[in-house]
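Beneath this line is the structure, given in C-alpha cells, with notes to follow.
The values are calculated or read from the model by the stated rules, or taken from the named source; none is laboratory data. Small disclaimer: the values here were computed from a predicted structure and weren't measured. Because the Cβ atoms are built from the backbone with ideal geometry, glycine has one as well, and the counts that use them run over all protein chains shown. We work out accessible area using only protein heavy atoms, side chains counted, and drop any ligands, DNA or RNA first. Shrake-Rupley method; radii C 1.70, N 1.55, O 1.52, S 1.80 Å.
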Amino acid sequence: MTPFAARCVLVGTAILLVLAGLLAPVAGWSRPVLFAAGGCCAVLDVLLHRSTRAAGGDEPRAPADHGVPVPDRAVGVDGPARLLLGHRPDGTPDETDVTGHIVVIGTGVLAAAVFEGIAEQVRAAAERDDDVRGAPSERVPPLPEGTAVLARLDRAGHPHGTVVLVPGLGTMPRVWDVVVEVTRYGCTVRRPADRRGVALRPTLPVLDP
C-alpha cells in the first residue's frame, strides 16, 4: 500500500469513528473509546505524513527535460550564448542570457537539481579567460545551509553570469534577472516585470549513461 493510500484509510477511519461516537446509540465507555480510536488514527496520519516528507515522498515531481547535451543548450548558433531554463506548458523554450543573474528558490532534491542543471550550462558557456567559481569550495567562503552559488567572472573579476540557490524569498539576492521557484507543486519562472510566475518544466542535469 502506498503512503497516500494508507493516509486515505487512516483519515476515513478517523472520520467514521468520530461520527459513530457522535451519532451512534452507544452508552457507557463506548463513546469515549470511539473518540479515542478516532484520535489515534488522526495521530497516525500525522506521523505518516511527516515520515513520508522526511523520506522525500513529498518532493515535487515536475516533468523535466532530459538527455540534451549541455553544450547544445548553452551555446547559441546564430547569436550570443543562451541558457535553457526549461519549457513552458505550450512547449515554448524559456531561455535567458548567459550573462544574467538567475536565482533558484526552493529546498530539497528537485531545487538542487534545477540549480545544477543551470550551473552546468554556465560552466559550459565559460570562455578560456573566464574564472568559474562555485560554493562550497576552497576559494569561496562557506554559505548558509540550503544555499549554493556559481559565478562566472571575466578577466577583470566582474560577474559575467551567476546562478544562486536559496531556500526562500527572504534570502534572495538584491540583483536578479530571472527567478525559478521550486515548490512541492512544481516549478515557475518569473522576471522582474512579471506579476506572477509561469509554469515551467525545468531543465535538469544530464545523467551519465
**Prompt:** Taking the range 147-163 on its own, how many of its residues are touching a helix residue (DSSP H, G or I) at 6+ places or on another chain (Cβ under 8 Å) and either farther than 20 Å from GLU127 by Cβ or open to solvent by 80 Å² or more (accessible area, probe 1.4 Å) (or both)?
**Reply:** 2
**Request:** Could you tell me which residue of the range 179-204 is modelled with the lowest pLDDT, considering only residues that are in a strand (DSSP E or B), open to solvent by 30 Å² or more (accessible area, probe 1.4 Å) and among the hydroxyl-bearing types (Ser, Thr, Tyr)?
**Result:** THR183
**Message:** Among the residues of the range 82-94, are any assigned to a strand (DSSP E or B), modelled with pLDDT of 90 or more and among the hydroxyl-bearing types (Ser, Thr, Tyr)?
**Reply:** no
**Complete:** A careful count of residues in the range 86-98 that are open to solvent by 50 Å² or more (accessible area, probe 1.4 Å) and not charged (D, E, K, R) gives 3
**Request:** Exactly one condition in (1) loosely packed, with under 11 Cβ neighbours inside 10 Å; (2) free of Cβ contacts under 8 Å to residues at least 40 places away in the same chain is not met by LEU169; state its number.
**Result:** (2)
**Complete:** Among the residues of the range 106-120, the number that are touching a residue at least 60 places away in the same chain (Cβ under 8 Å), surrounded by fewer than 24 Cβ atoms within 10 Å (Cβ to Cβ) and not in a loop (DSSP other than H, G, I, E, B) is 4
**Asked** Can you tell me which residues in the range 153-168 are part of a strand (DSSP E or B), at pLDDT 90 or above and out of contact with any Phe, Trp or Tyr (no Cβ under 7 Å at 6 or more places or on another chain)?
**Response** THR162, VAL164, VAL166
